[in-house]
Ligand SMILES: Cc1cc2nc3c(=O)[nH]c(=O)nc-3n(C[C@H](O)[C@H](O)[C@H](O)COP(=O)(O)OP(=O)(O)OC[C@H]3O[C@@H](n4cnc5c(N)ncnc54)[C@H](O)[C@@H]3O)c2cc1C
């Protein structure tokens with residue numbers, strides 16, 4: 001087995017959290033090894049709304065120009081039909097923090113990876129096994145190579161491949177997202193650059209015009225409430241769309257074509273308790289979705305991933321220098337953020353009162369009692 005040589009920290013995961021963490025570790029003067037499989041690159045990625053709060057975090061990482069590049073657009077107009085049959089406009093011009101961005105998500109991630117590649121050594125392999133002894137992590141990669149480090153960052157997304165072996169995994173719900181990218185077929189109509197959220201009896205719809213004029217469309221529901229086999233059944237997908245009011249009208253009026261069935265993604269609220277700590281004298285921290293994956297209603301997953309990644313450089317440097325306090329402060333800050341988010345989420349779902357008997361909304365009642373559907 002080949003040894004990969006010396007690094008202070010290993011980062012597992014090639015998404016936004018992992019790439020940004022490599023940049024932060026480099027800025028903190030640490031040598032990191034980035035374990036990011038090649039499959040992390042390329043293709044469409046769901047989730048393109050970047051909150052305005054991400055801007056100062058990107059600046060802290062020296063990456064402030066990234067979202068201003070061509071291919072992204074300002075998120076000025078958002079409409080929602082939530083708790084009311086009327087469409088309500090939320091215009092970003094009235095927000096002091098300014099508009100967020102609708103990203104070319106794949107392009108944004110590619111730019112982040114390029115910045116990370118300049119900061120770290122990268123192994124394009126999966127982490128296959130991890131063990132810990134005498135204050136060091138021993139990591140074995142799928143290709144047969146191995147390495148040892150003193151601090152480990154789990155940025156492996158919802159899989160949380162290391163964190164879930166070190167901490168308790170928690171879950172609020174089993175929300176699932178059926179996602180598709182719809183081509184724009186009508187050259188006579190200029191599609192409106194807007195985002196639309198619509199609550200319906202069995203869940204809610206999200207639609208956003210992408211910078212390349214396709215529509216990102218997602219239907220959020222519980223696994224037992226979705227039509228069976230939806231990811232292979234175009235007529236069932238089209239029937240589901242027809243069950244919406246504003247979304248289906250937008251598609252028809254603007255000339256978007258639901259021409260293939262959606263892909264399903266886990267989208268529930270899950271988190272680790274705690275999100276960081278030590279094991280046998282070695283330090284670890286989970287960041288991004290590996291630490292806490294939020295219901296996408298918040299549109300804060302990417303921002304939270306960037307926030308945690310930006311912290312991790314100083315946290316790891318302090319820990320390696322013998323000061324455990326920033327690591328413990330990080331774990332507390334994540335726990336406080338999760339509590340805040342869960343309270344806000346209960347409040348937002350509680351605002352929808354039109355479907356009192358529908359299982360989707362009853363399961364999210366703010367009394368904290370959530371019956372988890374299983375298949
Ligand atoms: C339907 C949906 C819509 C969303 N919409 C938005 C939105 O509009 N705005 C927003 O801010 N957020 C949104 N989110 C959330 C956002 O996408 C996530 O919070 C964000 O992608 C988290 O980034 P991450 O790097 O932590 O995880 P990921 O992007 O999941 O990256 C994890 C990486 O780890 C790798 N990995 C896994 N196992 C291993 C292993 N054993 N070894 C090595 N690597 C491994 C994976 O290949 C992957 O590349 C949405 C999420 C969903 C599901």
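Within the stretch 183-194, does at least one residue satisfy the condition of being within 19 Å of residue 299 (Cα to Cα) and out of contact with any strand residue (DSSP E or B) (no Cβ under 6 Å at 6 or more places or on another chain)? Talk me through it step by step, then tell me what you get.
Just the residues of the stretch 183-194 that are within 19 Å of residue 299 (Cα to Cα), to begin with: 193-194.
Then drop every residue that is not out of contact with any strand residue (DSSP E or B) (no Cβ under 6 Å at 6 or more places or on another chain), which leaves none.
The answer is no, given that none of the residues of the stretch 183-194 is within 19 Å of residue 299 (Cα to Cα) and out of contact with any strand residue (DSSP E or B) (no Cβ under 6 Å at 6 or more places or on another chain).
Can you spot a residue in the stretch 302-315 that is more than 8 Å from the ligand (Cβ to nearest atom), without any contact (Cβ under 8 Å) to a residue 40 or more places away in the chain, in a helix (DSSP H, G or I) and in contact with a helix residue (DSSP H, G or I) (Cβ under 7 Å, 6 or more places away or on another chain)?
Yes, some residue in the stretch 302-315 is more than 8 Å from the ligand (Cβ to nearest atom), without any contact (Cβ under 8 Å) to a residue 40 or more places away in the chain, in a helix (DSSP H, G or I) and in contact with a helix residue (DSSP H, G or I) (Cβ under 7 Å, 6 or more places away or on another chain).
For the stretch 138-220, list the strands (runs of 3 or more DSSP E) that sit wholly inside it and hold at least 3 residues that are within 16 Å of the ligand (Cβ to nearest atom); which are they? Give the derivation first.
Working: elements: 146-149, 151-154, 168-171, 176-182, 194-200, 203-209.
Output list reads 146-149, 151-154, 176-182, 194-200, 203-209.
Which residues, taken from the stretch 258-284, are farther than 23 Å from residue 50 by Cβ and part of a strand (DSSP E or B)?
Narrowing the stretch 258-284 to residues farther than 23 Å from residue 50 by Cβ: 258-261, 264, 272-274, 276-284.
Answer for the stretch 258-284, where residues must be farther than 23 Å from residue 50 by Cβ and part of a strand (DSSP E or B): 264, 272, 273, 276, 277, 278, 279, 282, 283, 284.
Need the failing condition index for residue 318 against (1) outside any helix (DSSP H, G or I); (2) away from the ligand (no atom under 15 Å from the Cβ), just the number.
(1)
Any chance the stretch 181-192 includes a residue that's modelled with pLDDT of 95 or more and either touching a helix residue (DSSP H, G or I) at 6+ places or on another chain (Cβ under 8 Å) or closer than 22 Å to residue 103 by Cα (or both)? Write out each step before concluding.
Just the residues of the stretch 181-192 that are modelled with pLDDT of 95 or more, to begin with: 181-182.
From what is left, the residues that are either touching a helix residue (DSSP H, G or I) at 6+ places or on another chain (Cβ under 8 Å) or closer than 22 Å to residue 103 by Cα (or both) are 181-182.
So far as the stretch 181-192 goes, yes, one or more of its residues are modelled with pLDDT of 95 or more and either touching a helix residue (DSSP H, G or I) at 6+ places or on another chain (Cβ under 8 Å) or closer than 22 Å to residue 103 by Cα (or both).
Return the total of residues in the stretch 323-339 being crowded, with 19+ Cβ neighbours inside 10 Å and more than 20 Å from residue 151 (Cβ to Cβ).
Adding up the residues that qualify gives 2.
Among the listed residues 172, 186, 154, which satisfies the condition of being under 30 Å from residue 220 (Cα atoms) and surrounded by fewer than 17 Cβ atoms within 10 Å (Cβ to Cβ)? Explain how you work it out, then say what you get.
Numbers: 172 fails: surrounded by fewer than 17 Cβ atoms within 10 Å (Cβ to Cβ); 154 fails: surrounded by fewer than 17 Cβ atoms within 10 Å (Cβ to Cβ).
Going through 172, 186, 154 in turn, just one is under 30 Å from residue 220 (Cα atoms) and surrounded by fewer than 17 Cβ atoms within 10 Å (Cβ to Cβ): 186.
Can you confirm whether residue 224 is in contact (Cβ under 8 Å) with a residue 60 or more places away in the chain and more than 26 Å from the chain's Cα centre (by Cα)? Don't jump to the end; show me each part of the working.
Values: in contact (Cβ under 8 Å) with a residue 60 or more places away in the chain: yes; more than 26 Å from the chain's Cα centre (by Cα): no.
No, not satisfied.
Looking for whichever is surrounded by fewer than 17 Cβ atoms within 10 Å (Cβ to Cβ) and on the phi < 0 side of the Ramachandran plot here; the options are 215, 225. Which one fits? Quick ask: steps written out before the conclusion?
Details: 215 fails: surrounded by fewer than 17 Cβ atoms within 10 Å (Cβ to Cβ).
Only one candidate qualifies: 225.
Can you tell which of 252, 242, 258 is outside the structural domain of residue 167 (by TED's automatic domain parsing) and at pLDDT below 95?
Values: 242 fails: at pLDDT below 95; 258 fails: at pLDDT below 95.
Residue meeting the stated conditions: 252.
Cβ-Cβ below 7 Å, separation at least six or inter-chain, first residue in the stretch 146-160 and more than 16 Å from residue 125 (Cβ to Cβ) and assigned by TED's automatic domain parsing to the domain that holds residue 19, second assigned to a loop (DSSP other than H, G, I, E, B) and more than 13 Å from the ligand (Cβ to nearest atom): which pairs?
From the stretch 146-160, the pairs are 150/8; 150/135; 151/8.
On the given criteria, is residue 269 buried (at least 21 other Cβ atoms within 10 Å of the Cβ) and either touching a strand residue (DSSP E or B) at 6+ places or on another chain (Cβ under 8 Å) or closer than 30 Å to residue 85 by Cβ (or both)? Explain how you work it out, then say what you get.
Numbers: buried (at least 21 other Cβ atoms within 10 Å of the Cβ): yes; either touching a strand residue (DSSP E or B) at 6+ places or on another chain (Cβ under 8 Å) or closer than 30 Å to residue 85 by Cβ (or both): yes.
So residue 269 passes the test.
The values are calculated or read from the model by the stated rules, or taken from the named source; none is laboratory data. All values derive from a computational prediction rather than experimental measurement. As a convention, Cβ positions derive from the backbone with ideal geometry for all residues, glycine included, and neighbour counts pool all protein chains shown.
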